[in-house]
1. Before we move on, is Y974 surrounded by fewer than 24 Cβ atoms within 10 Å (Cβ to Cβ), touching a residue at least 12 places away in the same chain (Cβ under 8 Å), outside the structural domain of H1051 (by TED's automatic domain parsing) and not in a loop (DSSP other than H, G, I, E, B)?
2. Please determine, by comparing only the residues of segment 31-51 that are assigned to a strand (DSSP E or B) and more than 16 Å from L124 (Cβ to Cβ), which one is nearest to the chain's Cα centre (by Cα).
3. Among the residues in segment 1075-1085, are any β-branched (V, I, T), more than 18 Å from A926 (Cβ to Cβ) and more than 40 Å from the chain's Cα centre (by Cα)?
4. Considering only residues that are of a type in the set (D, E, K, R) and within 19 Å of A234 (Cβ to Cβ), which ones fall in segment 54-91?
5. Scan G1050, G1028 and give me the residue that is crowded, with 19+ Cβ neighbours inside 10 Å, modelled with pLDDT of 95 or more, assigned to a loop (DSSP other than H, G, I, E, B) and not aromatic (F, W, Y).
6. Looking only at segment 643-666, count how many residues are part of a loop (DSSP other than H, G, I, E, B), touching a strand residue (DSSP E or B) at 6+ places or on another chain (Cβ under 6 Å) and closer than 21 Å to D698 by Cβ.
7. Could you grab me the full set of residues in segment 420-449 that are modelled with pLDDT under 95 and polar (S, T, N, Q)?
8. Out of segment 172-196, which residues are within 25 Å of the chain's Cα centre (by Cα) and either part of a strand (DSSP E or B) or at pLDDT below 95 (or both)?
Amino acid sequence: MTVHTICNAAGLEAELLSHGALRRLMLAPGLLLNLFPGNELEGGPANVWLRRRDVGGEWQAVPLLGPLSPLRVHRAGNAFEMRGEWAGLALRLSLRLAAKEPTLFWHLHADNTGAAACEIAPVLVQDVGLADYGAVRTNEFYVSHYLDLQPLQDARHGTLLAVRQNQAQRGRHPWLLAGSLRRVESFATDAAQVWGHAAREGLPPPAIVAGLPGQRLQHEHALVALQDEAVTLAPGASVAAGFFLSVQPDHAEASSDADLTCVSALFALPEARPEEPLDTPGRAPAASLFATAPQLASRDVDVAQHFPGDHRHEESQDGRLLSFFTADAGHVVLREKELLVQRPHGHILRSGHHLVPDEGALTSTCWMGGVFHSMLTQGHVSINRLLSTQRSLLGLFRTAGLRLFVQMEEGGWQLLGLPSAFEMQPQRCRWLYAHDGGLIEVIAEASAVPDTMSLALRVLQGPPLSLRASLNLALGGDDGAAPLRPGWRLDGERLHLTPPAGSELAERFAGGGLVIDAPGLATAGDDGRLYDDGLSRGEPIICLDFTPATAFSLTLRADLLQATPPLPEPLSLPQWQAAQPSLDQLQDILPWYAHNALVHYLSPRGLEQYSGGGWGTRDVCQGPLEMLLALGRTEPVRDLLLRVFSAQNADGDWPQWFMFFEREAGIRAGDSHGDIVFWPLLGLAQYLIASGDAGVLDEVLPFHEGQPGSLAAHVERALTLIRQRAVPGTGLAAYWHGDWNDSLQPADPALRERLCSAWTVTLHHQMLHTLATAFARLGRTSEAAVLETEAAAVQAEFQRLLVQDDVVAGYALFPESYPAQGDRELWIHPRDTRTGLRYSLLPMMHAVIDNLLTPAQALKQAQLIEQHLKGPDGARLFDAPLPYRGGPSRLFQRAETSTFFGREIGIMYMHAHLRYAQMLAHLGQAEAFLQALTLAHPIALTDRVPSASRRQANCYYSSSDAAFPDRYVAQAEYGRALAGEVALDGGWRIYSSGPGIALGLVISSLLGLRLEHDALVVDPVMPAELDGLTVQLTLADLRFELTYRVGPRGHGVERVREASGRELAAQRRPHAYRIGALVLARPAAGGISSWVIELG
C-alpha cells in the first residue's frame, strides 16, 4: 500500500493513496476524522468534485481525487497536489495543512483553456467520523448517530457545517468546522443525500450533478458536503477556490452561531492561500477493475420458469412484482425492490446445526448486490475475520468480501452486482443474472459441516465465460484495512491462506487460516491482477482466475480451529392450516424468526450491528432462553446458563456483556446497568420450572477473578448483592448505570444510587417470585419462603412509591437522605415537572405482566397505553421523544446526545412492543394480542401500516423509525408519525432478542402450550376468528395435533379433550386478571397427542 503522509505540529495527519484519494485523516492521539478509510482499488467517499457546464447547458462532474481522476499526482515531502486538464480546463488541486493548527485547506485553481465560456462549481465531500479509530471501525452507523451536524450561516462564505461529537472521546467532545474559501451555495450532511441508491447500480453520485439538497439529514453516513456557488469563466479566465476543515479537540457546548467567530482567524492563516506549484514529475492514477468495470446489466427474469410453484405474499408496486415467498421457506426479491428499500437485502449464513455455541462454526453475510460472502468468520463472529465486511448500506465500496467478475467471449470484465432476482433460504442464497447474453446463477451455501461455506456459479443460458474471483481478506486485522499482507500458497487447485506475521489471528491461531478448494482454477495472484498496469499496491486481495467454463465452484474451509462434527438438531416449528392472512403470514415468518434468533444466540451479530461476538447478559437470558424453553429444548438452556453463571463477577454482579468462548473470556464490559443482576436468576428459575433439574445447582462454576463455587453459591451471592443495592430508605432496586433502555444512562453518576427505575423493580419482583416457585417445587422450601417474603415487600414498596393516581411512573428520584429530606420526585408520569414526559411503556406493561397491580389498575394501564403510547406501528416507549438540545446531556446520556431519530431514540422499539403483546395476552385481549404480533413482522406490512416504508420482508427489525430528518423536526412534528403522516422505516436487523421472544409468544401464548417438568400448561389466547384452527406442534419429544374451538372470549380454556371426545383431567391455575390456565399431566413421550382445546 503506497501512502503519502502529510502532517503538522498540531497532530493532524493526512494519509493519501497513490491516486490522491484520502485513506485516513487523523488527529493525535488516535482520533479518526473521516468515517470510511479509503483503499487503493477504489478510493473512498471523500473527494473534491468539479462540476462544469457550458453556459446554458447541462452539468457534468468529475472527481479530482482517486482512480477516476483525470489529474496526475505530484508529491514531495509534506506537499501534495493534483494537476491536469479536463473538459477544456487546466486544473491544479493542492492540499495544505496549517503549520500549528488542526486545520487543512484544499486549494483549487482552474483556467478555462477552451474557446467558449463555461460555468464551474467545486464540491467538497468529506465523510466524518470524529471519534477514536477503534470506535469508528467498530460501527460507522453508530458513530454517525452521535454526530451533530449544524449548518451555520456566514455573511461572506454562506453555509458552514459544524460537526460536534456528542459521545465523549477520552473525556472530550471533538468538533469540526467545514467551509468554502469562496461561498457555499448548498450542502448535504449524509451520504444518502449524495449517492442515494446509485452505487447499488454501479453509478456515480447523482447529487453532485443535480446539486446538493441544502437540507440537514441526520442518519447513518455522516458527512459534510459543500457545493460552491457557480462561477462563469470566460476563455482564458481563471478562478481560485477551495475548502477548509478545522478541528477543535474539545467543544463542550452545542454548535451555534457563536462558533462563527473563529472563521476570520482561519482565513488569516498563511496556509489559507495556495503555494507555488510543485516541480516534481506527475503520475497518472492507475485504473482498477473495481473503479472502472461496469456492472453486468441485469434484466427481468422469467419468474414463473425459475420459481415455479405457489408464490405467497406477493408484493407489487404499480403492477410490477417486487417480492414473494415460496413454500420451501424461501423469499425471493426482484431487482426493482432493491432500488426502493432504504436498507439493502442481506442474509447471514451459519454452518452446522448445533444448539449450543460451537467455536468451529462459520458465519458469513451475503448481500443481494453481488457480495457473495463477506465478514466470513470462524468461532468469534467479529474477531476471527477471514473476509472483510460490507460497511456501507449505500454500497459505497465494491471491494468488500468475495466478489465475482465475468468476461464473455467478447468484451471486458464485468462485475456481478445487482441481480435480476435474489432468493434467500435459511441456509443458502441464490442470485440470478438474466442479461443480454444469457442467464447466470450463483449459489452461496452454509454446510452442515461446521467449518465449510461454498459458492457455485452456473451458466444456465449462454456460452462459457471467464471468471475472476476477488477475495478481500481480513486475516491481517482491521477488517482488511491493516497494512499487513496475508501469506498464500497454491497447491494445485487448493489455495492455503494464512494470517500475516504479527497479526492478531496469527498470534491466536498459529498455523491456522483459510483453505479454498477451487476446481478448474487456472491461476491465483494478488491485487495486481485488478489494475491495468498489473502492479500490486499491497491491498490484502487474492484473485482467482478460472479456465472458461459453464460451471464453477469454490469451497471455503476455515482451519483456525478444529471443527465439531455436525449434529442434526433442527428446531421443529409449529405448522398450521388457516384461511386468515394474518396466520398465513405468521406461519411464513416463523422459520426466519428461528434463524434470526439462532444468529443472535450462536453467531451474535446483525446486518447493521456487525461488530458483535458476545452475549448481552440481559439479551441472552431472554430471546434464546425463552425460545428454547418454549420449544421444550432444555438441554441447550442448561449450557447457556452455565456459561452465563461462569461469567459472574466475584461481587455477585454480571458485566453488561461478555464473550462466551473461553478463548475470549477476558473481553467483557467493565460495568452494568441495575437490571442486569436479575436476568440470570430469572432465567435459572424458568429453567428449573421447565426441567426440574435440581442437580444443576450443585455444578461448580468459576467466578470472574474469584474462587469457584456451586451454582447455588452463585445464586446466593447475586441475591446478597441485590439486597445491598437498594435506594437508601426503601426496598427498591437502585438504578445503577441504567436499565433496559440503554439510551437512558444517567448523565450524573451520583444518580445511580438515588434514582429508581420502576421497570427494574418489576423485574426484581418477577425474579423473586419465579425463583421462589422454582425452589418450592424442588423442595427448597425455606429458601422459597424467604424469596416470597421479599417479593411481597417489593410489591408493597412498588405500590407505595412508584404508583400514584393509579399510574405507574417511569422513574423516581429520591433525595440523598430519604425520607428525612423530603419526598421522591416521579419522572415520566402525569405529575412529572422535569422531563416533559408523562407515560412510560416498560414499567406500565411489566407491572401488569408481573401481577403487581390490582385488576382496576391493570386495566387502566392498558387503557393509558392504548390512548397515549400507541402508534400505527405498535406500542412506543414514551408519549413523546425526550428533548434534544444540540448534544450536551442534562439527565440522560444517549437519549439527549443521539442525533439520529431511530432505534431506542425513535421510541418504537420492537422488543418492547412484543412485551406489550405479552401484556395483552396476559389480560386475555385476544384480538389486540394477535394484531400486536402481526405488527412485529414485515410480511405485507404496508397492508397493515400504510405509512411503513418498503423493506426486506423476511427478517426481524429491532425498531420502527419515523423518517424525520433530525431530532428537532421529530420533536416538533412527532404527532404526525402517530397520525401515519410520516414514513416509518425499518431499523437495524436480526441482532436482537426479539425474534426468540416472538417465537416464544406464538407457542406459549397464541397456541398456549408451555411445558413444565411434570406438567403441561394450556392457556391459549386467540380471537374467535381462529375457531377451527388446526396445528401440528412438537415440544421436546412430544408431538401434538391440536384443534382449537374458540368462543367469543378468546381465552380461558374450558376443557381439553381427545379427538375421541374424552376430556383430560386438569387443574385450574389461578390468574390475577382473568380465567387462568389448565394444567395437565405431562404426556408420555412417543405417539401423537390429538387434542381439541376449547376456549370460552
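1. Details: surrounded by fewer than 24 Cβ atoms within 10 Å (Cβ to Cβ): yes; touching a residue at least 12 places away in the same chain (Cβ under 8 Å): yes; outside the structural domain of H1051 (by TED's automatic domain parsing): yes; not in a loop (DSSP other than H, G, I, E, B): yes.
Answer is yes for this residue.
2. If we take residues in segment 31-51 being assigned to a strand (DSSP E or B) and more than 16 Å from L124 (Cβ to Cβ), then L32 is nearest to the chain's Cα centre (by Cα).
3. yes
4. First, the residues of segment 54-91 that are of a type in the set (D, E, K, R): 54, 58, 72, 75, 81, 83, 85.
Matches in segment 54-91: D54, E85.
5. Numbers: G1028 fails: crowded, with 19+ Cβ neighbours inside 10 Å.
On inspection, the qualifying residue turns out to be G1050.
6. Of the residues in segment 643-666, the ones part of a loop (DSSP other than H, G, I, E, B) are 647-648, 650-656, 659-661, 665-666.
From what's left, touching a strand residue (DSSP E or B) at 6+ places or on another chain (Cβ under 6 Å): 647-648, 650, 655, 660.
Filter once more, so that each one left must be closer than 21 Å to D698 by Cβ: 647-648, 650.
Final tally of qualifying residues: 3.
7. Scanning segment 420-449 gives a single hit, S447.
8. A188, T189, D190
The values are calculated or read from the model by the stated rules, or taken from the named source; none is laboratory data. In this text, all values refer to a predicted model and were calculated from it rather than measured experimentally. Here Cβ is always computed from backbone atoms with ideal geometry, including for glycine, and neighbour counts include all displayed protein chains.
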